[in-house]
1. May I ask you to list the residues in segment 202-217 that are surrounded by fewer than 22 Cβ atoms within 10 Å (Cβ to Cβ), closer than 15 Å to Glu248 by Cα and among the β-branched types (Val, Ile, Thr)?
2. Evaluate segment 190-197: report whether one residue or more is exposed (fewer than 15 other Cβ atoms within 10 Å of the Cβ) and not assigned by TED's automatic domain parsing to the domain that holds Ser214.
3. Could you look through segment 52-72, keep only residues that are in contact with an Asp or Glu (Cβ under 7 Å, 6 or more places away or on another chain) and closer than 25 Å to Glu118 by Cβ, and pick out the one that is surrounded by the most Cβ atoms within 10 Å (Cβ to Cβ)?
4. Looking at segment 119-142, which of its residues are surrounded by 14 or more Cβ atoms within 10 Å (Cβ to Cβ), in a loop (DSSP other than H, G, I, E, B) and at pLDDT below 90?
5. Only residues that are of a type in the set (Asp, Glu) and surrounded by fewer than 17 Cβ atoms within 10 Å (Cβ to Cβ): list them for segment 73-99, please.
6. Checking the conditions here, which among Glu26, Glu96, Glu57, Glu46 is of a type in the set (Asp, Glu), within 27 Å of Arg141 (Cα to Cα), in contact (Cβ under 8 Å) with a residue 40 or more places away in the chain and in a strand (DSSP E or B)?
7. For the subset of segment 161-185 comprising residues that are farther than 15 Å from Arg228 by Cα and in a helix (DSSP H, G or I), which member is modelled with the lowest pLDDT?
8. Looking only at segment 143-160, how many residues end up being within 30 Å of Val40 (Cα to Cα), assigned to a helix (DSSP H, G or I) and basic (Lys, Arg)?
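The values are calculated or read from the model by the stated rules, or taken from the named source; none is laboratory data. Keep in mind that this is a model prediction, so the values were computed, not measured. Here Cβ is always computed from backbone atoms with ideal geometry, including for glycine, and neighbour counts include all displayed protein chains.
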Amino acid sequence: MTLTPRGVKPKILPRRIWIPLLMLRELGKVVTSIRLQKLVFLIQVECRFRDEYDFIEYHYGPYSESLRQDIFVASQLGLVRTNVVHGLEHDYYEYELTEDGKAFTESLLKMVDERDVERARAVLRRYGNMDWRELVEYVYREYMKGKDEFRWVAGSLREVYLPIMRSVWESELRRNPGSLGATQVLAVVEYMDHVLGVAEERVEDSVTLGVLASTMKDLTFMLLELTRRLKTGYVTAEVDPEVDELFEFLQDYCSRKGIAKKIGELDFSEFLDEEGMRRLEEAFRAMKPY
């Protein structure tokens with residue numbers, strides 16, 4: 001979907017522009033392109049937004065060329081004022097909304113889910129006061145994983161946590177063969193195991209590995225909590241909506257990065273026997289489409 005500011009015919013802006021424009025509206029001014037890039041990256045990853053800016057590893061961490069282009073176009077349209085500031089050591093960019101940009105942002109945000117806007121605001125409240133050096137340090141620590149570090153994370157998940165959950169939920173499925181919740185959890189576990197194996201072998205980009213590691217750890221924590229509650233008898237085998245949301249993000253990210261297809265398109269025959277495949281097909285029919 002594209003958006004055209006009132007009175008502007010030749011140029012169009014993609015819907016994703018709402019993220020940096022919201023950031024500029026909330027913060028008033030963003031100093032340095034590095035800080036702009038890192039804040040948009042954190043909003044996307046920590047809010048689990050899909051189909052937005054694609055980031056790759058660059059000199060100062062995650063970088064999106066499409067974000068740079070969108071800001072340039074917004075500047076050409078008179079929505080964003082981009083100033084070059086002459087610093088003591090080097091020049092840098094400073095970004096802020098123009099009056100037209102503020103009006104356009106207000107109109108644009110009416111087309112965005114209010115919950116997404118509030119989640120983005122929460123991330124900005126968390127990181128908006130950091131300078132670019134703090135942001136770079138934080139992003140490198142949390143979201144830039146080298147191959148060896150990712151292998152350690154993947155090994156912990158595949159050798160310890162995923163087998164524990166697989167064992168518990170297979171027992172639940174034997175006890176209650178009609179449990180769609182147990183089938184869904186097992187499908188998620190098998191998908192995670194598959195993705196971790198592929199990423200270990202094929203993925204080199206540290207940003208991609210970092211996002212995968214962070215998402216997988218969060219998803220594992222949620223599933224472990226669900227597993228704990230199942231074992232203590234507090235809940236039936238139901239999948240939390242937050243698990244669904246995070247799993248959708250993981251599938252979308254893996255699909256866009258060419259790591260794995262979405263679960264509905266993946267051939268699980270190499271992981272499951274015929275009876276397991278039948279249960280999965282029944283579960284997919286009952287689940288909302290991914």
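1. Passing the criteria: only Thr215.
2. no
3. Among residues in segment 52-72 that are in contact with an Asp or Glu (Cβ under 7 Å, 6 or more places away or on another chain) and closer than 25 Å to Glu118 by Cβ, the one surrounded by the most Cβ atoms within 10 Å (Cβ to Cβ) is Ser64.
4. Result: Met130, single match.
5. Within segment 73-99, Glu89, Asp91, Glu94, Glu99 meet the criteria.
6. Being of a type in the set (Asp, Glu), within 27 Å of Arg141 (Cα to Cα), in contact (Cβ under 8 Å) with a residue 40 or more places away in the chain and in a strand (DSSP E or B) holds for just one of Glu26, Glu96, Glu57, Glu46, which is Glu57.
7. For segment 161-185, the residue satisfying everything is Leu180.
8. Counting residues in segment 143-160 that are within 30 Å of Val40 (Cα to Cα), assigned to a helix (DSSP H, G or I) and basic (Lys, Arg) gives 2.
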